[in-house]
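Note sheet for the following structure.
The values are calculated or read from the model by the stated rules, or taken from the named source; none is laboratory data. For clarity, every value in this text was computed on a predicted model and none was experimentally measured. Here the Cβ is made from the backbone with ideal geometry for all residues, glycine too, and neighbour counts use every protein chain on show. Ligands, DNA and RNA are excluded from the accessible area calculation, which covers all protein heavy atoms including side chains. Shrake-Rupley method; radii C 1.70, N 1.55, O 1.52, S 1.80 Å.
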Amino acid sequence: MEDEQEAKKAALVDTLDGPFLRITFRHYADNYYRGSWQDRAVGMPPRVDASLSYYNSSKTAANSNVLQVILRVHGFSRTEQVDDDWNIFWCAGQVDPQVLRGLKAFQLVNKFPKASSLTLKSNLWSNFQRMQRKFGRQHFDYMPSTFLVPLQLDQLETCLQSAEYSETVWIVKPAAAYCGRGISLHRTRPSLADDLRSQKGVCSVYIDPPFLLNGLKSDIRLYVLVTSWNPLVVYLYEEGLARFATEAYSTDALEQRCRHLTNYSLNKHSKHFIHSKEEDAGSKWSLSAFKRRLASQLDEARSAEVWRKVDDLVVKTAVSVHGLMAEALRTFLVSEAQGRPNRQCFQLFGFDVMLDADARPWLLEVNLDPALRTESPLDLKVKSSMLVDLLNLVGVPIPPSAHEGARPAADGGEPAAPSSSSGSSEASPGSAEDVSAREQEMLGHVNAQFARSKQGGWRRLFPSTRSTEYLHFLDPTHTYNSLPFDL
């Protein structure tokens, strides 16, 4: 009962940026957000005159359950119509660009248009390869050599005939599959290219030998949040998951999938899968536990360099599609076309990274809709915390009907200061005065998100103190990337 009363006070408001008050989401005990969203009553909104709702298009209820529980606790009801006046739309799959064109100022969507530039395996590789050719392998060297199937089978065939690849193992992944479906491993043989002509997907060099813990292969799931493409703004969550294969690693039996694939959805059905209440035991660990173990096997300096390289590959992957994504957003979002801050779109990506035997990180893929299922206490702890911190960082506005006229006092009784970044200027973007005003508005918005990020577990990778390492990879016409953001 005490928890329920506390929940009613959970959705406070802040006034850090923009024309609207924004809701503050609260953390609770690890198991507070458990249970089905259908069984969770809608809590009291932060203001008696606030009408809050969300729209969720996921066909798989379990994959958005914890998100819906969090929203309902904080006063959001569920709407079943995409054209309703919802506050937040959690979209599964690609977002319809027409939804973006029709967004009201107080509405948020968790997707960017053209996100498949990153999340389709073929597009991810094509954009990586373009950057590699333009800037050199010394800068873009974090993905294994890959061939598009069937488009690049002739190049694959040439490699198969080379002595350099005579002992190589290859991994073939279907174009649009997920959860390990359809993946197969193959040794180099002259007929491999011909055997793949009827397939569509990618064929990559298999990372062998991998980094092993207790004889088992693993990969890590990283949560990456992009809140803007112009300027580019990228965050990495402090916590994630390490997923383990469930059979001892060996290339003697390539057909034994639980030796080679780390997908939880596959390995949870193995008789060797180990459920554990500890974060550093069993077949799924927390990222922080994995980091501690890695540091114990390496030295501290070498371990720190591993995670520095992980940060690097996350930023460079976002950089590789920066121009494409910024242009798509300009096409579909009015504020972007006007050169104003994007306050309405954000996207959570799931980056899958694996370490080889030398602890070198490799990017495997980027997921459009990282799984939010909470089948274990560890899942619930990591994902509920990540989502609460995400919602606080992006800032979920209270609709204008809840505070028309003078802005009300913020939590704590102090009057809310007028926003200096409301974007009310109607001047054309040609004058120096207008450019300065636009830049100040952009700085205010990005800096306010950064301030909110410090209250949770999101760490900003770009812009950061390492920005100068990446600016020369970016289109210089996107001048917002060089603004003096808070660091």
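Things to note:
- Of residues in segment 356-369 being aliphatic (A, V, I, L, M) and in contact with a helix residue (DSSP H, G or I) (Cβ under 7 Å, 6 or more places away or on another chain), the one surrounded by the fewest Cβ atoms within 10 Å (Cβ to Cβ): 359
- Screening residue 345 on (1) open to solvent by 30 Å² or more (accessible area, probe 1.4 Å); (2) touching a residue at least 40 places away in the same chain (Cβ under 8 Å) shows it passes everything except condition (1).
- Residues of segment 38-56 that are out of contact with any Pro (no Cβ under 8 Å at 6 or more places or on another chain), in a loop (DSSP other than H, G, I, E, B) and open to solvent by less than 30 Å² (accessible area, probe 1.4 Å): 43 alone.
- Residue in segment 169-178 that is open to solvent by less than 20 Å² (accessible area, probe 1.4 Å), of a type outside the set (Asp, Glu) and not in a strand (DSSP E or B) present: no
- Out of 280, 299, sole residue that is open to solvent by 40 Å² or more (accessible area, probe 1.4 Å), within 25 Å of the chain's Cα centre (by Cα) and modelled with pLDDT under 95: 280
- Within the set 94, 98, 107, 81, the sole residue that is within 17 Å of residue 346 (Cβ to Cβ), out of contact with any Lys or Arg (no Cβ under 8 Å at 6 or more places or on another chain) and at pLDDT below 95 turns out to be 107.
- All conditions in (1) free of Cβ contacts under 8 Å to residues at least 12 places away in the same chain; (2) surrounded by 15 or more Cβ atoms within 10 Å (Cβ to Cβ); (3) among the β-branched types (Val, Ile, Thr) hold for residue 158, with the sole exception of (2).
- For segment 307-342, a tally of residues being surrounded by fewer than 22 Cβ atoms within 10 Å (Cβ to Cβ), charged (D, E, K, R), farther than 21 Å from residue 469 by Cα and in contact (Cβ under 8 Å) with a residue 12 or more places away in the chain returns 2.
- Selection within segment 453-479 - buried (at least 21 other Cβ atoms within 10 Å of the Cβ) and at pLDDT below 95: none
- Considering 114, 104, 59, the condition of being of a type in the set (Lys, Arg), closer than 28 Å to residue 379 by Cα and in a loop (DSSP other than H, G, I, E, B) is satisfied by 59 alone.
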